[in-house]
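The values are calculated or read from the model by the stated rules, or taken from the named source; none is laboratory data. Here the structure is a predicted model, which is why all the values come from computation and not from measurement. Counting neighbours? That spans all protein chains shown, and the Cβs are built from the backbone with ideal geometry, glycine included. In case anyone asks, the SASA skips ligands and DNA or RNA and just uses the protein heavy atoms, side chains included. Shrake-Rupley method; radii C 1.70, N 1.55, O 1.52, S 1.80 Å.
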Amino acid sequence: MKSINIIFSEYGASDGAARCEEAPMSVDLSALSGHYESLGARHRENFEIFMKYWQSEGYEKLLSPTARVMTMPFSVAAENFGAELPRSNKSVETAAMAVWTIGPALEAKCTEMTSSLNDMMTGLLLDVAGSISLYNMHRRMTEWLKSGPARAMGKYINGEFYPGTGSMRQDLIEKVVSLGDTERLIGVRASGSSLLHPRKSQCSLILLGSSEYETEIKMEPCKPCTGRKCLYYQLGGCHIMTPGDAEAVRQRRRG
């Protein structure tokens, strides 16, 4: 089992006040396995070749789960991210800025494999597994936040927002990277197009408030969803969809 290396600090603290913590996480590929089991022998064989690689070396060698989490007063978050950051209720006084990544190794291996005809399908499935790993990281990281820093402050998760979705501008990603010093601390940078690198990286702002407004946060499907045109859909996985929501999302796609 892998552990997420979490670099945590409060806003305004010096580098010496930042601390590293570990949160054990697992990567659940059961939904992907079930998908290929249902497709028949030929597709199942491709998946078995991938799983052999994943279990023998891919999982251990290619995943380096790391996160940067910083808590700050909501006023500081609003000052840095503007009116685009919604205040879900009046009890919210604190926000947690989070950036998480599985590192660059898996992305590089996917590129190498998909350029080879013999390894192309394994490379494509490896990319899906990396995206599922990123989702599993998010779930475990929010569990850590809830039971650790939030509990210590007497706060509860009241909502989560992603730059580039809803009312939050995409270019705020660069502000997240700068404020969290993520390129130096965990190797995550923002490009001029406001995309994160390594590609298997994500960021969000989590609101902390009273227990009355406690929310179970889940990553949402892409908007708009392209359905069967999406490569992730065709391969049997979506990196921003919970397994429990899979059927509902498929129904929306068919509709």
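Taking the condition of being aromatic (Phe, Trp, Tyr) and at pLDDT below 95, how many residues in the stretch 9-59 meet it?
Quick first cut of the stretch 9-59, residues aromatic (Phe, Trp, Tyr) only: 11, 36, 47, 50, 53-54, 59.
Those left that are additionally at pLDDT below 95: 11, 36, 47.
Selection size over the stretch 9-59: 3.
Results for (1) open to solvent by less than 70 Å² (accessible area, probe 1.4 Å); (2) touching a Cys at 6+ places or on another chain (Cβ under 7 Å), shown as yes or no for each residue.
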{"site": "Tyr59", "(1), (2)": "yes, no"}
{"site": "Thr66", "(1), (2)": "yes, no"}
{"site": "Thr71", "(1), (2)": "yes, no"}
{"site": "Lys90", "(1), (2)": "no, no"}
{"site": "Ala96", "(1), (2)": "yes, no"}
{"site": "Val99", "(1), (2)": "yes, yes"}
{"site": "Gly103", "(1), (2)": "yes, no"}
{"site": "Lys109", "(1), (2)": "yes, no"}
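Tell me, please, whether a residue that is under 15 Å from the mean Cα position of the chain (by Cα), of a type in the set (A, V, I, L, M) and within 17 Å of Asn5 (Cα to Cα) can be found in the stretch 70-84. Walk me through it before giving the result.
Just the residues of the stretch 70-84 that are under 15 Å from the mean Cα position of the chain (by Cα), to begin with: none.
No.
List the pairs whose first member sits in the stretch 107-120 and is not polar (S, T, N, Q), whose second member is not in a helix (DSSP H, G or I), and whose Cβ atoms are under 8 Å apart, counting only residues at least 6 apart or on separate chains?
Glu107/Pro198; Glu107/Arg199; Glu107/Lys200; Glu112/Asp119; Met113/Asp119
Please determine whether any residue of the stretch 167-190 is assigned to a strand (DSSP E or B), open to solvent by 60 Å² or more (accessible area, probe 1.4 Å), at pLDDT 90 or above and hydroxyl-bearing (Ser, Thr, Tyr). Spell out how you get there, then give the answer.
Just the residues of the stretch 167-190 that are assigned to a strand (DSSP E or B), to begin with: 189-190.
Then drop every residue that is not open to solvent by 60 Å² or more (accessible area, probe 1.4 Å), which leaves 189.
Pick out the ones that are also at pLDDT 90 or above and you get 189.
Now restrict to residues that are hydroxyl-bearing (Ser, Thr, Tyr): none.
There is no residue in the stretch 167-190 that is assigned to a strand (DSSP E or B), open to solvent by 60 Å² or more (accessible area, probe 1.4 Å), at pLDDT 90 or above and hydroxyl-bearing (Ser, Thr, Tyr).
I'm trying to understand the selection: among the residues of the stretch 97-121, which are closer than 17 Å to Val27 by Cα and part of a helix (DSSP H, G or I)?
Across the stretch 97-121, the qualifying residues are Ala105, Leu106, Glu107.
Between a first residue in the stretch 177-190 that is more than 18 Å from Phe81 (Cβ to Cβ) and a second residue that is assigned to a helix (DSSP H, G or I) and open to solvent by 90 Å² or more (accessible area, probe 1.4 Å), which pairs have beta carbons less than 6 Å apart while being 6 or more apart in sequence or on different chains?
Arg189/Glu183
Please go through the stretch 127-162 and give me each residue that is closer than 15 Å to Met25 by Cα, open to solvent by less than 20 Å² (accessible area, probe 1.4 Å) and of a type outside the set (A, V, I, L, M, F, W, C), ordered by number.
Of everything in the stretch 127-162, those that are closer than 15 Å to Met25 by Cα, open to solvent by less than 20 Å² (accessible area, probe 1.4 Å) and of a type outside the set (A, V, I, L, M, F, W, C) turn out to be Gly130, Ser131, Ser133, Asn136, His138, Thr142.
State whether the residues of the stretch 17-31 include one that is surrounded by fewer than 14 Cβ atoms within 10 Å (Cβ to Cβ), among the small types (Gly, Ala, Ser) and under 30 Å from Phe74 (Cβ atoms).
Here is the first cut: in the stretch 17-31, the ones surrounded by fewer than 14 Cβ atoms within 10 Å (Cβ to Cβ) are 17, 19-20, 22, 24, 26, 30.
Subsequent filtering for residues that are among the small types (Gly, Ala, Ser) retains 17, 26, 30.
Subset that is under 30 Å from Phe74 (Cβ atoms): 17.
The answer is yes; a qualifying residue exists.
Of the numbered conditions (1) among the hydrophobic types (A, V, I, L, M, F, W, C); (2) modelled with pLDDT of 95 or more; (3) in contact with a Leu (Cβ under 7 Å, 6 or more places away or on another chain); (4) open to solvent by less than 20 Å² (accessible area, probe 1.4 Å), Phe81 fails exactly one; give the number of that condition.
(2)
With the checklist (1) modelled with pLDDT under 95; (2) within 25 Å of Asp181 (Cβ to Cβ); (3) among the hydrophobic types (A, V, I, L, M, F, W, C) in hand, flag the one item Ala150 doesn't pass.
Single failed check for Ala150: (1).
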